[in-house]
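Since the structure comes first, as structure tokens, the remarks are kept for the end.
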Amino acid sequence: MKKINSPAELEKLRESILESMDKDKPCISICTGTGCSASGALEVASAFEALIKERGIEANIDTKLTGCHGFCEQGPLIVLKPRNILYCRVQPEDVGEIVDKTLLKEEILERLLYVNPVTGERIALEEEVPFYNKQLRLTFGNNGQLEPTKIEDYLALGGYASLRKALEEMTPQEVLEEVKASGLRGRGGAGFPTGRKWESCFNAPGYPKYLICNADEGDPGCFQDRSILEGNPHSVIEGMIIGAYVVNSPEGYVYVRREYPLAIKNLSIAIDQAKEYGLLGENILGSNFSFDIKINRGGGAFVCGESSASIASIEGKVGEPRDKHTHATEKGLWNKPTILNNVKTWANIPLIIEKGARWFSSIGTENSKGTMIFSLTGKVNNTGLVEVPMGITLKELVYDLGGGVPDGKKLKAVQTGGPSGGCIPERLLDLPVDYEKLTEAGSMMGSGGMIVMDEDTCMVDVAKYFLLFTQDESCGCCFSCREGITRMLEIMEDVSRGESSLEQLDLLGELAQVVKDSTMCGLGQSCPNPVLSTIRYFEDEYRAHIMDKECPAGVCRDLITFTINEELCNGCGVCLKKCPAEAIQGEKKEPHAIIQEKCTSCGICLEVCKYDAVNKK
Amino acid sequence: MIKFTLNGTEVSVEKGTTLLEAANFYGIEIPTLCYDEGLTPYGACRLCLVEIGEPGRSRLVSSCTYRVREGMIVRTHSERVVKSRKMLIELYLATCPSSKVIQDLASNYHVTSVRFRPKNEDCILCGLCVRMCDEQMQAKAISFINRGGRRLVSTPFERKSEDCRLCGACMYICPTCQARCQGPQEESTICNACLNLSPPCLEHFDDVMCYMDPCVACELDTKRKPKE
């Protein structure tokens, strides 16, 4: 690998890479993101490799081990190029047939195609699958096209062209103006305008200035930052170099969770490759500008995703937020001006420089520009990562992309924004998703979590779950957060046991408001959101728990009882064997009965009974 | 000097002064539990909250850590502040009812009932002892361990510390373990024996001017209009 010493050399290298590639050559793109790897993608990949070697057709077929494609629910996924045939849930035993029939004879294997859960039709091409074709995959789309450990793939797709453009054609001031004009807002949760943040750091006195990429993604069910770092690390690196060029920063840090080993591995490889090519390090592309990136592994505290806590953690201190009365852009890392942005924010920068602020700001709504990646999870047919333009409605997300709720159940609510977000009820499903609209509805954008809940979900239980999470993850510094969450949880537990009162419910609302108002950092200020939003939209459920001692969804264990219908029970004894509390008695072939004093309402008897003889009430 | 508005009055203080210091300088008492003049402000007890900014777009910040800025509007006893403070005092009372400091605060702020289950803990994790040991005694024998609800003050690995000189400064500065209130009974949590102060202006003006009853300032200041 030869160091690139000028912008012209970069373009020459790109041309030579493109020349050496054959676009029509069949290529098997195998998703080896964490999701597909867990369902066996690596075994599929090695089966392909062995088979291709055995047949001696290495010269005719390429294989690419790519990052996450987003459709994790259907994994392991493979896409056969150039036709873009998508095969889902591929297993190693399918490999022979795929090579023989699809690659060599161009026959499509019906059984591996995606089945639309709504219409039942089988879809062959990736771009025709509703999950994909409603998306606008700007930052995420290249994940399926490139091998993250090969910088050449990124260069072939036009990578580092934005860096070249910024360094060669634009002054730092012009780049800053472009980012400001794009209207890009922080993708980490709070949605602060990125351009304004950069400008504040640009104007702040002090040297050196630092950049931080926040990859401490911790929301339950969220994995978009991980997927970008795993699948397209160079886009983040390129964004950071451009940012560093604006504020003349010599050093940047990627603060990434230790629980993301593949992301750390791919990012390290990418940084090394960029350095070898002279795209990172001393005198980038032969200019006077130098910038280096270091990786900092987080220890796993959720609160370290908060900006001041992650700065403290990088400095080697306890990962606790500090009072942010002075912005990090003025006094951040080691008290020097610092820009801290989320992975997704950095990945958007090359796009803005390449295609221009005007193009970027044409996507989205008035105050929220561009696209957002959501992790669509929960009770929805198509789970996975979706990148959509801001302003798309929740309905489109859940029904068009998500394919609706499984098993014909009714949708109850959509929870957005992770543990700090709120639950939006079904009747507000036409809500356009952007920063302001979600905040108005009592939720937030957060880092893009989206959990779909069906009629079997108890909202009291949901709020309780998120409080348990934040109670565990609060740093415990602020009294209002530490004690406030504990006391909210205490009341919630009483509610779910049917031992609360309406006065306590009022107190819960009052306390939640005070915690939101009086806590120091973002975690504490947003942790009451699940409570406040469920009280706002689902107060009747709280009342049912308190007044009628009933859990309408049948989830809260203390409020449900299981009984066995003697007429339907034939005494098969399965429930008796499976009951962990030994709460079922009865002779063989005689109707069984549940001893209520021993029953823990775990529901296993209901699950195992084949004769619908167990009733839940 | 930096000019700003403190409870409706234009005042000025030196650059770098915190809101708490400025308010104390002008004779306005803001309650604190984790603040001490000789130690780095920590901002954890949240009692010193004040409201800053124009009404409608205002927010609450801890005055012990916030430095005065030119032209800012600060209200130390607005309805929003007092509401939060009272709730926090109620929480403190439920957590640690045997502290005289906390019982006195409750009396001052007319907190007359506690709606949470009493816990009878000794420590409110204000961190005064930790900072005292580090900054004044230069010993660093104790620190916080764990996170969230499991957080507590302890020595490294919870073993007897060789750095501890048994100076007792941690106990001297502790707001809960030295001065004990004998008032609270097991069933009531709250003492209120010293209950004698009330801010009469708050309900009428959304601002506290003094703690006298009847309030002299309210009667003199006829220009001040009661809130709608």
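Scanning segment B:77-116 for residues that are out of contact with any Gly (no Cβ under 9 Å at 6 or more places or on another chain), away from every other protein chain (no Cβ under 11 Å), buried (at least 24 other Cβ atoms within 10 Å of the Cβ) and polar (S, T, N, Q) turns up just one, B:S99. Comparison of A:R258, A:R226 shows that the only residue that is buried (at least 24 other Cβ atoms within 10 Å of the Cβ), under 30 Å from A:G35 (Cβ atoms) and not acidic (D, E) is A:R226.
Every residue, every condition in (1) within 14 Å of another protein chain (Cβ to nearest Cβ); (2) small (G, A, S); (3) buried (at least 23 other Cβ atoms within 10 Å of the Cβ), yes or no:
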{"site": "A:E483", "(1), (2), (3)": "yes, no, yes"}
{"site": "A:T486", "(1), (2), (3)": "yes, no, no"}
{"site": "A:V555", "(1), (2), (3)": "no, no, no"}
{"site": "A:C579", "(1), (2), (3)": "no, no, no"}
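With respect to (1) surrounded by fewer than 24 Cβ atoms within 10 Å (Cβ to Cβ); (2) hydrophobic (A, V, I, L, M, F, W, C); (3) more than 14 Å from chain B (Cβ to nearest Cβ), the lone exception for A:L468 is condition (3). Does any residue of segment A:51-64 turn out to be in a helix (DSSP H, G or I) and within 20 Å of A:K150 (Cα to Cα)? No, every residue in segment A:51-64 fails to be in a helix (DSSP H, G or I) and within 20 Å of A:K150 (Cα to Cα).
Just so you know, in segment B:31-49 the residues that are touching a helix residue (DSSP H, G or I) at 6+ places or on another chain (Cβ under 8 Å) and away from chain A (no Cβ under 14 Å) include one that is farthest from B:Q136 (Cα to Cα), and it is B:D36.
Screening B:I52 against (1) away from chain A (no Cβ under 11 Å); (2) out of contact with any Asp or Glu (no Cβ under 7 Å at 6 or more places or on another chain); (3) among the β-branched types (V, I, T) leaves a single unmet condition, (1).
Mind listing whichever residues of segment A:422-446 are in contact with a Lys or Arg (Cβ under 7 Å, 6 or more places away or on another chain) and not acidic (D, E)? Result: A:L429, A:L431, A:Y435, A:G442. Per the listing A:T416, A:T393, A:T365, the residue uniquely surrounded by fewer than 22 Cβ atoms within 10 Å (Cβ to Cβ), over 16 Å from A:L138 (Cα atoms) and either under 21 Å from the mean Cα position of the chain (by Cα) or among the small types (G, A, S) (or both) is A:T393. Just one of the numbered conditions (1) more than 10 Å from B:Y66 (Cα to Cα); (2) of a type outside the set (D, E); (3) in contact (Cβ under 8 Å) with a residue 12 or more places away in the chain; (4) away from every other protein chain (no Cβ under 11 Å) is not true of B:G27: (3). Cβ separations smaller than 6 Å between residues 6+ apart or across chains give the following pairs from segment A:490-506 residues that are more than 11 Å from chain B (Cβ to nearest Cβ) to residues that are among the hydroxyl-bearing types (S, T, Y): A:L505/A:Y542.
Whenever a residue of segment A:196-218 is within 16 Å of A:N342 (Cβ to Cβ) and in contact (Cβ under 8 Å) with a residue 12 or more places away in the chain, its partners that are part of a helix (DSSP H, G or I) and among the basic types (K, R), lying with C-beta atoms within less than 9 angstrom and at least six residues away or across chains, give the pairs A:R196/A:K180; A:W198/A:K180; A:A215/A:R226; A:E217/A:R226. The set of residues from segment A:269-310 being in a strand (DSSP E or B) and more than 23 Å from the chain's Cα centre (by Cα) comprises A:G281, A:F291, A:D292, A:I293, A:K294. For A:I17, which of the numbered conditions (1) assigned to a loop (DSSP other than H, G, I, E, B); (2) touching an Asp or Glu at 6+ places or on another chain (Cβ under 6 Å) fails to hold? Unmet for A:I17, out of (1) assigned to a loop (DSSP other than H, G, I, E, B); (2) touching an Asp or Glu at 6+ places or on another chain (Cβ under 6 Å): (1).
For segment B:1-55, name all the residues that are acidic (D, E) and either outside any loop (DSSP other than H, G, I, E, B) or touching a Pro at 6+ places or on another chain (Cβ under 6 Å) (or both). Spell out how you get there, then give the answer.
Quick first cut of segment B:1-55, residues acidic (D, E) only: B:10, B:14, B:21, B:29, B:36-37, B:51, B:54.
Of everything in segment B:1-55, those that are acidic (D, E) and either outside any loop (DSSP other than H, G, I, E, B) or touching a Pro at 6+ places or on another chain (Cβ under 6 Å) (or both) turn out to be B:E10, B:E21, B:E51.
Per-residue answers, yes or no, for (1) surrounded by 15 or more Cβ atoms within 10 Å (Cβ to Cβ); (2) in the same structural domain as A:L507 (by TED's automatic domain parsing); (3) under 29 Å from A:K412 (Cβ atoms); (4) over 34 Å from the mean Cα position of the chain (by Cα):
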{"residue": "A:V531", "(1), (2), (3), (4)": "yes, yes, yes, no"}
{"residue": "A:D540", "(1), (2), (3), (4)": "no, yes, yes, no"}
{"residue": "A:E587", "(1), (2), (3), (4)": "no, no, no, yes"}
{"residue": "A:H592", "(1), (2), (3), (4)": "yes, no, no, yes"}
{"residue": "A:T600", "(1), (2), (3), (4)": "no, no, yes, yes"}
{"residue": "A:G603", "(1), (2), (3), (4)": "yes, no, yes, no"}
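Taking the criterion of being away from chain A (no Cβ under 11 Å) and among the acidic types (D, E), the only residue of segment B:117-129 that qualifies is B:D122.
The values are calculated or read from the model by the stated rules, or taken from the named source; none is laboratory data. Just so it is clear, the model here is predicted, and its values are computed rather than measured. Positions of Cβ are generated from backbone atoms using ideal geometry, with glycine treated the same way; all protein chains shown enter the neighbour counts.
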